[in-house]
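This report concerns only the one structure given below.
The values are calculated or read from the model by the stated rules, or taken from the named source; none is laboratory data. Note that the coordinates shown come from a computational prediction; the quantities given were computed from them, not determined experimentally. Here the Cβ positions follow ideal geometry from the backbone for every residue, glycine too, while neighbour counts run over all protein chains shown. Side chains are part of the model used for accessible areas, which takes the heavy atoms of the whole protein and leaves out ligands, DNA and RNA. Shrake-Rupley method; radii C 1.70, N 1.55, O 1.52, S 1.80 Å.
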Amino acid sequence: MKKIIVSILAGSFLLHISFADGYETDEMIQLADTVTSYDENAIDQWEVTIREHMNEKKLKEIMTELRKDTKTTGKENENSIKYSFRNIHKQGNISVVYNAVIPKSKQFKPQFTAVIKGSVWDKNAEENYKKSTKEIVDRFFSEGRETFACLKTKPDAIMDFERFLNYMTKMIDLQQVETVTDKISHARVNKHIYGYTPLWNHQLNINKKPVNVQIALATVKKDTKQIEIGTPILINEY
């Protein structure tokens, strides 16, 4: 498997989200709860990406609306035109960036993306995240959207990777685990863990196996390690 696939998820009956109560699961919340239940100060950055392919007319209507209260930039290459809209009205310590990509070839559909991110995860951040996400989804997206969640731990916050991996495996019932070690010297990512949890419905099929969890052990500087976790895959670093 290649670096472009990786993902972890989170959530379990041990967390404060109760699946039995019919609560609509949110992978970012479950993921963050799982990591902070291991070490409450471990999270360094978190990010949720919501994206959807849509027709150009609908996308341009969204762009017109966004220009009213965001800072807009544009960039063009031979294949597409990309617009970025930065939300100047932050929700607490959370920032939002919207991206619109309009391909020049009519055989490809335009894509709209919202990226919600922060560097702190606590009760206030969770509430702000839930409020922001609901508003964004209700305002711009349909049921055809895709959602990707990921987080990074603070460098060397979790020193024992194998112990952490065992903990995650038990907490989320991680199955069909596959480990890939990068043997290239000085590679930024040293190890990739791929797996599947039945806690979530969405998944990717990789080599005819379901995958919806990826964990990466990365080197951020000499002898300093960082764990990156995403679901269903890590799409930002690879």
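The GluC sites (Glu not before Pro) of region 132-238 that meet both conditions, a loop assignment by DSSP and at most 16 other Cβ atoms within 10 Å of the site Cβ, are GLU143, GLU237.
Go ahead and set up a Gaussian network model of the chain, Cα springs under 10 Å, then flag whichever of LYS130, LYS109, LYS57 fluctuates most. Among LYS130, LYS109, LYS57, the largest mean-square fluctuation in the Gaussian network model of the chain belongs to LYS57. Kirkwood's formula applied to the C-alpha pairs of region 30-119 gives a hydrodynamic radius of 14.8 angstrom.
If you sort the three axes of the alpha carbon gyration tensor as a ≥ b ≥ c, you get a/c of 1.5 or more for region 118-158 and a/b no higher than b/c, which makes it oblate.
GNM on the chain, C-alpha springs below 10 Å: top fluctuator among GLN91, GLN226, GLN107? Between GLN91, GLN226, GLN107, it is GLN107 that shows the largest mean-square fluctuation. In the context of the full set of protein chains, residues of region 55-146 present 63 Å² of accessible surface per residue (probe radius 1.4 Å, heavy atoms only).
Loop-located GluC sites (Glu not before Pro) in region 52-92 (DSSP state not H, G, I, E or B) with no more than 13 neighbouring Cβ atoms inside 10 Å: GLU78.
Taking all Cα pairs closer than 8 Å and separated by 6 or more residues, the relative contact order of region 68-148 comes to 21 percent. For the chain, with all protein chains in place and a probe radius of 1.4 Å, 47% of the accessible heavy-atom surface sits on carbon or sulfur. The angle between the Cα long axis of helix 161-172 and the main principal axis of the chain comes to about 70°, on a 0 to 90 degree scale. At q = 0.17, 0.25, 0.26, 0.30 Å⁻¹, what is the base-10 log of I(q)/I(0) for region 179-227 according to the Debye formula with one equal point scatterer per Cα and no solvent? Please give it to two decimals. Those come out to -0.59, -0.89, -0.92, -1.07, one per q. Could you check how many percent of all C-alpha pairs in region 92-201 are farther apart than 17 Å? Beyond 17 Å sits 71 percent of the P(r) for region 92-201. Accessible surface for TYR38 stands near 60 Å², nearest 10, in the context of the full protein assembly shown (1.4 Å probe). I'd like the orientation of helix 123-140 relative to the chain: the angle between its Cα long axis and the longest Cα principal axis, in ° from 0 to 90, rounded to 10. It is inclined by approximately 40 degrees. Lysine pairs in region 118-175 whose alpha-carbon atoms fall under 21 angstrom of each other, counting only those eight or more residues apart or on distinct chains, come to 6. For the chain, the extents of the C-alpha atoms along the principal axes are 49, 42, 36 Å, listed from largest to smallest. Please compute the contact order of region 48-88 in relative form: average sequence separation of alpha-carbon pairs under 8 Å and at least six residues apart, divided by the residue count, as a percent. About 31 percent, as a whole number. Evaluated with a Cβ-only charge set (Lys, Arg +1; Asp, Glu -1), region 102-161 carries a dipole of roughly 440 debye about its Cα centre, given to the nearest 20. The GNM of the chain, with springs linking C-alpha atoms under 10 angstrom apart, assigns the highest mean-square fluctuation among VAL180, VAL35, VAL189 to VAL180.
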